[in-house]
Amino acid sequence: MKQFDDNDVRNRAFLLWERAEKPCGKMDEFWYEAERQLERERLLELAAAGSALTD
């Protein structure tokens with residue numbers, strides 16, 4: 001299971017910012033959204049790994 005770090009968050013935030021057509025002054029919002037997305041993905045991976053162990 002891969003843990004995410006600041007570089008992962010930075011890359012995701014940049015992608016989100018680009019998709020939003022690069023608005024000015026909102027980088028914090030993109031950073032926090034990137035963290036939320038990565039954490040959600042990590043939790044889903046953990047759940048899937050746990051489910052695979054019980055199958």
Taking interchain pairs and intrachain pairs at least six residues apart, which have beta carbon atoms under 6 angstrom, with the first residue in segment 6-33 and modelled with pLDDT of 95 or more and the second surrounded by fewer than 10 Cβ atoms within 10 Å (Cβ to Cβ) and in a helix (DSSP H, G or I)? none
Within segment 6-29, residues open to solvent by 80 Å² or more (accessible area, probe 1.4 Å) and among the acidic types (D, E) come out as D6, E21, D28, E29
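The values are calculated or read from the model by the stated rules, or taken from the named source; none is laboratory data. A quick note: this is a predicted structure, and the numbers were derived from the prediction, not measured. Every residue, glycine as well, gets a Cβ built from its backbone with ideal geometry; the counts of neighbours run over all protein chains shown. Just so you know, the surface numbers come from the protein's heavy atoms only, side chains and all, with ligands and any DNA or RNA stripped out. Shrake-Rupley method; radii C 1.70, N 1.55, O 1.52, S 1.80 Å.
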